[in-house]
Amino acid sequence: MEEAVSLSSLKVLVEKKIKKKTLIKVIWNEEEKITLLITPNMKINSFIYDQKEGYLFYDLEGKVIDRDIPCVLPESVMAEGKVLLNSKLQINHQPITDEDKTFLINMENDFL
């Protein structure tokens with residue numbers, strides 16, 4: 001079974017890596033639901049998944065958001081309300097490292 005951690009633990013790691021506060025935003029369309037860890041000034045209204053470019057996010061006016069989103073969590077990395085520590089999990093477009101996994105697991109153990 002894959003290791004899994006809480007969303008709040010992942011949020012702490014993302015904030016540590018990007019050195020900014022983040023918000024958790026859940027957004028969905030007709031096809032899927034994703035969870036985003038974004039900075040407070042990001043105004044995301046909708047998204048689509050493009051086979052060529054990946055996820056494209058749009059603001060309230062329908063313009064594509066070109067800034068990087070710190071962490072995008074599709075349904076494939078979520079299970080029973082937890083985040084799976086698998087190869088699909090990325091922070092700032094970089095796969096999480098073994099050091100990140102250790103940090104997250106230790107943090108989970110501290111919560112228990």
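Residues in the range 59-106 that are of a type outside the set (Val, Ile, Thr), touching a strand residue (DSSP E or B) at 6+ places or on another chain (Cβ under 8 Å) and assigned to a strand (DSSP E or B): 7 in all. Cβ-Cβ distances below 7 Å connect the following pairs, each with a first residue in the range 1-30 that is within 26 Å of ASP59 (Cα to Cα), a second residue that is part of a loop (DSSP other than H, G, I, E, B) and among the aliphatic types (A, V, I, L, M), and a separation of six or more residues or different chains: LYS25/ILE44; ILE27/ILE44. Under the condition of being in contact (Cβ under 8 Å) with a residue 60 or more places away in the chain, open to solvent by 30 Å² or more (accessible area, probe 1.4 Å) and among the polar types (S, T, N, Q), the residues counted in the range 58-112 number 1. Which condition does LYS33 not pass, out of (1) in contact (Cβ under 8 Å) with a residue 40 or more places away in the chain; (2) touching a Pro at 6+ places or on another chain (Cβ under 9 Å); (3) within 15 Å of VAL5 (Cβ to Cβ), if it passes all the others? Against the list (1) in contact (Cβ under 8 Å) with a residue 40 or more places away in the chain; (2) touching a Pro at 6+ places or on another chain (Cβ under 9 Å); (3) within 15 Å of VAL5 (Cβ to Cβ), LYS33 comes up short only on (3). With closer than 21 Å to GLU3 by Cα and more than 14 Å from the chain's Cα centre (by Cα) as the only criterion, which of LYS82, LYS17, LYS101 stands out? That would be LYS101, the only listed residue that is closer than 21 Å to GLU3 by Cα and more than 14 Å from the chain's Cα centre (by Cα).
Residues in the range 1-29 that are part of a strand (DSSP E or B) and surrounded by fewer than 12 Cβ atoms within 10 Å (Cβ to Cβ): VAL26 only. When the criteria are applied in full, TYR49 fails the requirement of being of a type in the set (Ser, Thr, Tyr), modelled with pLDDT of 95 or more and open to solvent by 20 Å² or more (accessible area, probe 1.4 Å).
Of all residues in the range 30-46, how many are in a loop (DSSP other than H, G, I, E, B) and either open to solvent by 20 Å² or more (accessible area, probe 1.4 Å) or not hydrophobic (A, V, I, L, M, F, W, C) (or both)?
The initial filter retains those residues of the range 30-46 that are in a loop (DSSP other than H, G, I, E, B), namely 30-32, 39-45.
Okay, now just the ones that are also either open to solvent by 20 Å² or more (accessible area, probe 1.4 Å) or not hydrophobic (A, V, I, L, M, F, W, C) (or both), so 30-32, 39-41, 43, 45.
So the count comes out to 8.
The values are calculated or read from the model by the stated rules, or taken from the named source; none is laboratory data. None of these values were measured; they are calculated from a predicted model. Don't worry about glycine lacking a Cβ; one is built from the backbone with ideal geometry, like all the others, and counts go over all protein chains shown. Ligands, DNA and RNA are stripped out before the accessible areas are found, and what is left, the full protein with its side chains, is counted by its heavy atoms. Shrake-Rupley method; radii C 1.70, N 1.55, O 1.52, S 1.80 Å.
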